[in-house]
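What follows is one structure encoded as structure tokens, with my remarks underneath.
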Amino acid sequence: MGLFDDALRGGESLFINVLALDYDFLPKLLPYRETQQRYVVNCIKPLLQDRTGKNVFIFGSPGIGKTTAVKYILNELEEETEEVIPVYVNCWQKNTSFKIILEICNSLGYKLTHNKKTDELFKIVKGILNKKAAVFAFDEVDKLDDFDFLYMILEDIYKKSVVLITNHKGWLDDLDDRIKSRLMPDLLEFKPYNLTETRGILRQRVESAFVPGVWEDDAFEVIVKKTAALEDIRPGLHLMREAGNNAEARSSKKIVLEDSSEAVKKLDEFSIKSSNDLASGERDILSMIKENSGKKIGELYEIYKKKGGSLSYKSFQRKIERLRKNKFISVEKKMGGDEGCTTIVKYKSVTKTLDEF
Ligand SMILES: Nc1ncnc2c1ncn2[C@@H]1O[C@H](COP(=O)(O)OP(=O)(O)O)[C@@H](O)[C@H]1O
Ligand SMILES: [Mg+2]
């Protein structure tokens, strides 16, 4: 028997549409985000009545439907009218004004972009968009290297809504005043899903991705619980795929508890392993943050000192920044209080892991 006979025989897969487990799959329905979607739609609505729209700043932790909710709205808008042009840009992939304006040209179908500078390209964009109205969605704005394009859009496009999306609420505080005062966005927070909502979302994905009836209840429930604890839907999708693969590898017609537990165990091991890649000083700081998640950076520094840490506050801050960049922790700036601006540091267990899949 050949090594690949199983796979080649086919026809007995537990999956009917494995694409439904992809992170960028757009589900047919987006439950539990109606309120937030309605909010964004209300910001955009004036554009359909020949007025300018409102701008909105969307923030919330990773994997809780921010991107999906906005893409959904843009798709519907495109179906609804030709008078308002939807523009979506991921600023992680396009992180400079030049790349962003070029991307907008592409999405508007303008092809003669070769050898043109940012200003020239923007003139073209302006010419096209000012004949109509536009909704700009800039996703992952914290990854941007410069903000000139934003200034240009706020100044020179007449009828528009600008939607900015990020995992970091504090990003807005640090934004250049020149831009902030023109943007004046409404703030819209996305909160993580609770256990029931997480179950509902994953149930819906099971129905799109798997042959009916292949999931044993307890196998599904383990994944629901793990996903809800992580407050991020993506690991849930990953775990469902892995559990399905585990069951197929056993040539089983059912996905059982062991298939899910095995997948969860692998995910946990993987996040521990990737934290082992850190320098030892960073690993110590990370494990201290894990024990004290949600504390202020100043408080963490005190604990660090008490434990015998030797870094200066500045260097400690730099380590925190490195851990944040590598997605082991999240950092949130809070305004107000006695000290003015404070920084809250939270431990994040698997986000790092998932970006690598
Ligand atoms: N309410 C929901 N219903 C169905 N799927 C959802 C919902 N919210 C999030 N998802 C799924 O979770 C994954 C992560 O969502 P995404 O919008 O990329 O998160 P974010 O932009 O907040 O990081 C995507 O695969 C998305 O389809
Ligand atoms: Mg996103």
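How high is the relative contact order of the chain, in percent, with contacts defined as C-alpha pairs under 8 Å that are six or more residues apart?
Details: 488 pairs, mean separation 65.1, N = 357.
It rounds to 18 percent for the chain.
Run the quick spin-label model on Glu78 and Tyr158: label points 7 Å from Cα toward the beta carbon, then report their separation in nm to one decimal.
Simple spin-label model gives 2.6 nm for this pair.
Contour minus end-to-end for Lys306 and Leu29, with contour as 0.36 nm per residue of separation and end-to-end as the Cα-Cα distance? Please list the in-between numbers first.
Working: separation 277, 0.36 × 277 = 99.72 nm, distance 5.10 nm.
Length gained between Lys306 and Leu29: 94.6 nm.
Would you please give the FRET efficiency between Val41 and Ser293, computed as 1/(1 + (r/R0)^6) with r the Cβ-Cβ distance and R0 = 35 Å, to the nearest 0.05? Before the final figure, lay out the partial values.
Values: r = 35 Å, r/R0 = 1.00.
Efficiency at R0 = 35 Å is approximately 0.50.
Roughly what would the spin-label model give for Asp146 and Lys131, points 7 Å off Cα along C-beta, in nm?
Result: 2.9 nm between the two label points.
³J(HN,Hα) across segment 17-23 via Karplus (A = 6.51, B = -1.76, C = 1.60, θ = phi - 60°), whole Hz, x for Gly/Pro?
Once θ is set to phi - 60°, the couplings for segment 17-23 become 8, 5, 4, 5, 9, 5, 5 Hz.
Report the full-extension gain for the segment Arg203 to Asp22: residue separation times 0.36 nm, less the Cα-Cα distance, to one decimal in nm. Present the calculation step by step, with values, prior to reporting the outcome.
On the way: separation 181, 0.36 × 181 = 65.16 nm, distance 1.50 nm.
In short, 63.7 nm is gained.
Taking the Cα centre of each part, how many Å lie between segment 194-237 and segment 109-185?
37
Sort Phe316, Phe25 so that the residue with the fewest other Cβ atoms within 10 Å of its own Cβ comes first and the one with the most comes last. Mind dumping the intermediate values first?
On the way: Phe316 19, Phe25 15.
By the 10 Å Cβ count, ascending, the order reads Phe25, Phe316.
Under a plain spin-label model, where a point goes 7 Å from the Cα along Cα-to-Cβ, how far apart in nm are Ser280 and Ser13?
Spacing of the two 7 Å Cα→Cβ label points: 4.8 nm.
Using a Förster radius of 30 Å, what is the FRET efficiency between Ser315 and Leu257 based on their Cβ-Cβ separation? Nearest 0.05, please.
Details: r = 47 Å, r/R0 = 1.55.
Result of the calculation: an efficiency of 0.05.
Which ³J(HN,Hα) values, rounded to whole Hz and listed in residue order, are derived for segment 60-70 from phi using the Karplus coefficients 6.51, -1.76 and 1.60 in 6.51 cos²θ - 1.76 cosθ + 1.60 with θ = phi - 60°, glycine and proline given as x?
Karplus values, whole Hz, x for Gly and Pro: x, 5, x, x, 10, x, 5, 4, 4, 4, 6.
At q = 0.07, 0.09, 0.11, 0.12 Å⁻¹, what base-10 log of I(q)/I(0) does the Debye formula yield for the chain when every alpha carbon is treated as an equal point scatterer in vacuo?
Log10 I(q)/I(0), no solvent term: -0.38, -0.63, -0.90, -1.02.
Fully extended, how many nm does the chain gain between Asn194 and Leu108 (0.36 nm per residue separation, minus their Cα-Cα distance)? Numbers along the way, then the final one.
Values: separation 86, 0.36 × 86 = 30.96 nm, distance 3.90 nm.
Taking Asn194 through Leu108 to full extension adds about 27.1 nm, to one decimal.
So what are the three principal axis dimensions of segment 34-189 from its Cα atoms, in whole Å, longest to shortest?
Extents along the principal axes, in whole Å: 42, 34, 27.
Per DSSP helix of 4 or more residues, -39500 (n - 2.57); summed, then divided by the residues of the chain. What does that give at 222 nm, rounded to the nearest 500? Could the numbers behind the result be given before it?
Details: 15 runs with 176 residues, N = 357.
Roughly -15000 deg cm²/dmol at 222 nm, from the helical runs in the chain.
Rounded to the nearest angstrom and ordered from largest down, what semi-axes does the equivalent ellipsoid of segment 119-204 get from its C-alpha gyration tensor (root of 5λ)? List each step's numbers first, then the result.
Values: eigenvalues 189, 59, 25 Å².
After scaling each eigenvalue by five and taking roots: 31, 17, 11 Å.
Using the count of nearby Cβ atoms within 10 Å as a rough guide to exposure, how do Trp215, Trp92 rank from fewest to most? List each step's numbers first, then the result.
Numbers: Trp215 25, Trp92 12.
Starting with the residue having the fewest Cβ neighbours, the order is Trp92, Trp215.
Report, in listed order, any pair from Lys66/Lys333; Lys253/Lys348; Lys28/Lys296; Lys226/Lys333 with a Cα-Cα distance greater than 30 Å. Please report the intermediate quantities before stating the final value.
Values: Lys66/Lys333 20 Å; Lys253/Lys348 35 Å; Lys28/Lys296 40 Å; Lys226/Lys333 28 Å.
Listed pairs above 30 Å: Lys253/Lys348; Lys28/Lys296.
What's the longest piece of the chain with no exposed GluC sites (Glu not before Pro), counting a site as exposed if DSSP puts it in a loop and it has at most 10 other beta carbons within 10 Å? Each step should come with its number before you reach the end.
On the way: sites that count: Glu12, Glu82, Glu339, Glu356.
Counting at most 10 other Cβ atoms within 10 Å as exposed, the longest clean stretch of the chain is 83-338.
Percent relative contact order of segment 34-189, based on C-alpha pairs within less than 8 angstrom and at least six residues apart? Can you show the working numbers first?
Details: 240 pairs, mean separation 56.2, N = 156.
36 percent.
Starting from the Cα of Lys346, step 7 Å toward the Cβ, then list every residue of segment 206-238 with an amide N under 20 Å from that point.
The answer is 224-237.
Based on the Cβ-Cβ distance from Ala229 to Val331, what FRET efficiency comes out when R0 is 22 Å, to the nearest 0.05? Could the numbers behind the result be given before it?
Values: r = 21 Å, r/R0 = 0.95.
Once the sixth-power term is evaluated, E becomes 0.60.
Every read-out reported here was derived from the displayed coordinates using simple, explicitly stated rules and does not represent laboratory data. Note that the structure is a prediction, hence the values are computed from the model and not measured. All Cβ positions, glycine included, derive from the backbone under ideal geometry; neighbour counts span all protein chains shown.
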